[in-house]
Amino acid sequence: MPSLIESEFQQVCEATAGCPLPEIFEYALTTIEIDYPKYLAYAGLELEEPETLPEPFLGVLSEDQDDTLVIAAVEPGSPARKAGLTAMR
C-alpha cells in the first residue's frame, strides 16, 4: 500500500502523462521484475541473448608461499606469457 506522498506523486505523474501508470508504479514500489523487452520495444529496441564466452584462461600456475601468492609456472603462448609474467624462482 503506497504512502500518502507516494500516492500524491503517482497522481501528479499520471496527470502529467495524461494516462494511468499503475504498471510503472508497481515496478517502482515492488521487487517485480521489469518487462524490459516490452519497454525497449517502444523505442524500437530489442534485447538479444548474450554470446557464450569462453572460459577465462590466464595460463599460470600459482602457489601460496609464506602467505604470498606467487607464480610458480607460466604456460608457453598463454596470455600471461604474452603479458610478460614470469615464474618466481
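The values are calculated or read from the model by the stated rules, or taken from the named source; none is laboratory data. Bear in mind that the values here come from a model prediction, so they are computed numbers and not experimental data. Glycine gets a Cβ as well: all are built from the backbone with ideal geometry, and neighbour counts include every protein chain shown.
Looking across the stretch 57-89 at every residue that is among the polar types (S, T, N, Q) and in a loop (DSSP other than H, G, I, E, B), the one that is modelled with the lowest pLDDT is identified as T86.
Take the stretch 40-79 and flag every residue that is without any contact (Cβ under 8 Å) to a residue 12 or more places away in the chain and of a type in the set (V, I, T). Hits for the stretch 40-79 are T52, T68.
Count, please, the residues in the stretch 12-25 that happen to be surrounded by 11 or more Cβ atoms within 10 Å (Cβ to Cβ) and assigned to a helix (DSSP H, G or I). Going through the stretch 12-25 one residue at a time, the tally reaches 5. Scanning the stretch 11-67 for residues that are under 30 Å from M88 (Cα atoms) and among the hydroxyl-bearing types (S, T, Y) yields a single hit, S62. Residues in the stretch 33-89 that are of a type in the set (G, A, S), surrounded by 11 or more Cβ atoms within 10 Å (Cβ to Cβ) and closer than 30 Å to E23 by Cα: 1 in all.
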